[in-house]
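> After the structure tokens below, expect a handful of questions from me.
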Amino acid sequence: MYIAKLSLWNFRKFGIPEYTIDINSPHLEVEFKPIMNVLIGENDSGKTAIIDAIKYVLRTHAYEKVWITDNDFYQGASEFRIEIIIKGFTDLEASHFTEWLSWETITYDRETIRLPFLRLIFRAHKRENGIWPSPISAGSTIDGSMLDPDAREYLKVTYLKPLRDAEEEMTAKKASRLSQILSSHDLFRKDQATPHRFEEIIRTANSDIENWFIDTTQNTNGKTNKGQIKDIVDGFLKSFISPSSEANLSLANPDLKNILEKLSLQIISQPNPGLGSENRLYMAAELLHLSKDDTLGMRSCLIEELEAHLHPQAQMKVIEALEKEENVQFIITTHSPNLASKINISQDKTTNVILCKNSKAYSLYPGKTHLAQSDYLHLQHFLDVTKANMFFAKGIIMVEGWAEAILIPAIARAMGKDLTLSEVSIVNIGSTAYLHFAKIYMPTDQVMEMPVAIITDLDIRPDINGSFNQEVENDQRQKKSSQIDTIHYSNIQINIAYQWTLEWCLFNSKTYRDAFMTAVSTVHSGTAEFKKDEEGNWVNEGHFRVKLITKLIDKSLNKVAIAYNLANWITEHEVAPLEDDPYIEYIVSSIKHVSE
């Protein structure tokens, strides 16, 4: 069994101002796969609400209490509804839900088959005298019928909360999580009439310990064990309680449940492990619970903020190990670009990445976006930590190199726009392969409310005199523009340089021309063509242009150093682009698109 779909109405941030609940139109619908599912997105995008909704319906093995509060209702709503679809039943698992099952007809390998699924429903209402949650129901009718408590036991999921105190969870105590995990394992199931091996061990140990405390044999100091401890304690007890009172010293209650609560789990090689190691130990113990061969219930594990207390390399090791775990469904939330960069986004469907944006959820699973097989392969190889920042931004500017990445924030600040405050990420693709990344934001069935601007060079060279073939330029501009369907995906803009490259546009810009030339002269101080005369005028701007063209063609121009120099000048002088400067307009348009 696995969680196949979650639907929400008026729950937390997922609702509509009219507060109506149309059963056919959920305010959020998320599909999960029976594999690794990763919820990524910026803060307050609804990741935790999705996890909590699942917990409210299915409950957890940790027996956490669920309290419905006003904050669970969409602002102003008096009712919320949660539905979960469970699929993937074995015959034995389905037998526990016979009267609540529904059936779907699918075609598989040219054969039509009927498969069972379970639709679970949870509702809550606000009344003048408080909040009234309804019992969990199930079935094919609108509100279903109440689910039997025994059947619900098979639906519990494992939940690892964020910033968890793993040491506390693995410490010996009453009802410890470790004792719960072990008690449900085959090794600790026993016939009531036959003592478990652990019980026999403890009884034997208790007998040996009790005999030691009542030993009347004199020690080398002329005293007995009994006389030094038990007789003294018994003497006080007789005075405190009654003459018949007597103490007994033993190791533990020989009941199996009590024994398991006395167990703790540690890492042998680390006597004093930190929070990161404790967290990984905790996850390993939970996987023991999920990996049992005889499990008839859910093999689903919810993990919030897997990266908690883990350094980047540890994060990557853990996610890689979990992706290899078979027959366990994971639903994970993360804020970590390190984890996002390691997730297996590929055509072989090993991970279902769900991008949470603006109260919606978008799956990157094959078929859910316009990503092709070649796109998945490219992302798998080139989605590093820097590029993975785009999953957590509210706007994205994709650029081809470091020069644009350095200059754009300075130009934006001069325009009065702080990209950091706007939570905009500048993603350096490092090539013209922006299409692989742009398709992430092109779902097949809707438009993502996520502004994306692509800045790219025109890449048509001038002749040595700086003249361009207009017809060739137009053809190239049309070719680049047609790569993105901006008509159906208005959230994406492709902004092409007015001519050739960024550096050429800066050289011809009315706003930044002199500052750019000065930056070039400073960086390439040994180049005669980039010199000024004693009066501060350029020796020969024609020679400057020719040398600039030559260095751009042979790639000897130090673009990054020039960009740093120019960015500092823009920041110090607060010079915003002029409105009638066509050479900079494509950058201005990109900044406005993602920040407004």
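> Report those helices (runs of 4 or more DSSP H) wholly inside the range 452-555 carrying at least 1 residues which are in contact with a helix residue (DSSP H, G or I) (Cβ under 8 Å, 6 or more places away or on another chain) and within 27 Å of Glu579 (Cα to Cα).
Ranges flagged: 502-508, 513-523, 541-553.
> For His61, only one of the following conditions fails: (1) over 29 Å from Glu305 (Cβ atoms); (2) in contact (Cβ under 8 Å) with a residue 60 or more places away in the chain. What is its number?
(1)
> Kindly indicate the residue of the range 424-451 that is open to solvent by 10 Å² or more (accessible area, probe 1.4 Å) and assigned to a helix (DSSP H, G or I) and also nearest to Leu379 (Cα to Cα) among those meeting that condition.
If we take residues in the range 424-451 being open to solvent by 10 Å² or more (accessible area, probe 1.4 Å) and assigned to a helix (DSSP H, G or I), then His436 is nearest to Leu379 (Cα to Cα).
> Give me the pairs, please: first residue somewhere in the range 572-596 and more than 18 Å from Ser422 (Cβ to Cβ) and open to solvent by less than 90 Å² (accessible area, probe 1.4 Å), second residue anywhere and of a type in the set (Lys, Arg) and assigned to a loop (DSSP other than H, G, I, E, B), beta-carbon distance under 8 Å, and either six or more positions apart or on two chains.
Going by the 8 Å Cβ cut-off, the qualifying pairs are Leu578/Lys510; Asp581/Lys510; Tyr583/Lys510.
> Sticking with this structure for a sec: Could you grab me the full set of residues in the range 325-345 that are open to solvent by less than 30 Å² (accessible area, probe 1.4 Å) and either free of Cβ contacts under 8 Å to residues at least 24 places away in the same chain or under 11 Å from Ser300 (Cα atoms) (or both)?
Once the filter is applied, which keeps residues that are open to solvent by less than 30 Å² (accessible area, probe 1.4 Å) and either free of Cβ contacts under 8 Å to residues at least 24 places away in the same chain or under 11 Å from Ser300 (Cα atoms) (or both), the range 325-345 yields Val328, Gln329, Phe330, Ile331, Ile332.
> Let me ask something additional. With Leu355, Leu377 as the choices, which residue is more than 30 Å from Leu178 (Cα to Cα), open to solvent by 60 Å² or more (accessible area, probe 1.4 Å) and either part of a loop (DSSP other than H, G, I, E, B) or not small (Gly, Ala, Ser) (or both)?
So the residue among Leu355, Leu377 that is more than 30 Å from Leu178 (Cα to Cα), open to solvent by 60 Å² or more (accessible area, probe 1.4 Å) and either part of a loop (DSSP other than H, G, I, E, B) or not small (Gly, Ala, Ser) (or both) is Leu377.
> Another question, if that's okay. Looking only at the range 174-196, how many residues end up being within 10 Å of Leu256 (Cβ to Cβ) and exposed (fewer than 12 other Cβ atoms within 10 Å of the Cβ)?
1
> Then there is this: Suppose we keep only residues that are more than 19 Å from the chain's Cα centre (by Cα) and at pLDDT below 90 within the range 372-400. Which one would you say is farthest from Met448 (Cα to Cα)?
His381
> What residue, of Leu421, Leu364, is without any contact (Cβ under 8 Å) to a residue 12 or more places away in the chain, within 29 Å of Lys13 (Cα to Cα) and either under 19 Å from the mean Cα position of the chain (by Cα) or open to solvent by 10 Å² or more (accessible area, probe 1.4 Å) (or both)?
Result: Leu421 is the single residue among Leu421, Leu364 that is without any contact (Cβ under 8 Å) to a residue 12 or more places away in the chain, within 29 Å of Lys13 (Cα to Cα) and either under 19 Å from the mean Cα position of the chain (by Cα) or open to solvent by 10 Å² or more (accessible area, probe 1.4 Å) (or both).
> May I pose another question? Report every pair of residues separated by at least 6 positions or lying on different chains whose Cβ atoms are under 6 Å apart, first residue within the range 118-130 and in contact (Cβ under 8 Å) with a residue 40 or more places away in the chain, second among the charged types (D, E, K, R) and open to solvent by less than 60 Å² (accessible area, probe 1.4 Å).
Close Cβ pairs (under 6 Å, with a partner that is among the charged types (D, E, K, R) and open to solvent by less than 60 Å² (accessible area, probe 1.4 Å)) amount to Ile121/Glu83; Arg123/Arg81; His125/Glu79.
> Could you count how many residues in the range 298-307 are more than 17 Å from Asp384 (Cβ to Cβ) and open to solvent by 10 Å² or more (accessible area, probe 1.4 Å)?
The number of residues fulfilling the criteria is 2.
> Any residue in the range 170-180 that is within 19 Å of Ile303 (Cα to Cα) and among the β-branched types (Val, Ile, Thr)?
No, the range 170-180 contains no residue that is within 19 Å of Ile303 (Cα to Cα) and among the β-branched types (Val, Ile, Thr).
> Could you check how many residues of the range 86-137 are acidic (Asp, Glu), out of contact with any Phe, Trp or Tyr (no Cβ under 9 Å at 6 or more places or on another chain) and within 22 Å of Asp148 (Cα to Cα)?
The number of residues fulfilling the criteria is 2.
> Could you pull out the residue among Tyr498, Tyr583 that is farther than 19 Å from Ile406 by Cα and not basic (Lys, Arg)?
Every option except Tyr498 fails the conditions.
> Filter the range 108-125 for residues that are out of contact with any strand residue (DSSP E or B) (no Cβ under 8 Å at 6 or more places or on another chain) and of a type outside the set (Phe, Trp, Tyr); which is surrounded by the most Cβ atoms within 10 Å (Cβ to Cβ)?
The selected residue is Glu111.
> Look through Val539, Val560 and report the one residue that is surrounded by fewer than 18 Cβ atoms within 10 Å (Cβ to Cβ), out of contact with any Ser or Thr (no Cβ under 6 Å at 6 or more places or on another chain), among the β-branched types (Val, Ile, Thr) and modelled with pLDDT under 95.
Val539
> Could you grab the pairs with beta carbons closer than 6 Å, sequence gap of 6+ or different chains, first residue in the range 456-467 and under 12 Å from Thr550 (Cβ atoms), second one of a type in the set (A, V, I, L, M, F, W, C)?
Pro462/Phe468
> Without any contact (Cβ under 8 Å) to a residue 60 or more places away in the chain and on the phi > 0 side of the Ramachandran plot: which single residue out of Asp44, Asp52, Asp22 fits that description?
Sole residue among the options that is without any contact (Cβ under 8 Å) to a residue 60 or more places away in the chain and on the phi > 0 side of the Ramachandran plot: Asp44.
> Hey, any hits in the range 325-346 for a residue that's basic (Lys, Arg), in a loop (DSSP other than H, G, I, E, B) and within 30 Å of Lys5 (Cβ to Cβ)?
No, there is no match, as no residue in the range 325-346 is basic (Lys, Arg), in a loop (DSSP other than H, G, I, E, B) and within 30 Å of Lys5 (Cβ to Cβ).
The values are calculated or read from the model by the stated rules, or taken from the named source; none is laboratory data. Quick caveat, the model's predicted, so the values are computed rather than measured. Note that each Cβ is placed from the backbone with ideal geometry, even for glycine, and that neighbours are counted across all protein chains shown. SASA here: full protein model, heavy atoms, side chains in, ligands and nucleic acids out. Shrake-Rupley method; radii C 1.70, N 1.55, O 1.52, S 1.80 Å.
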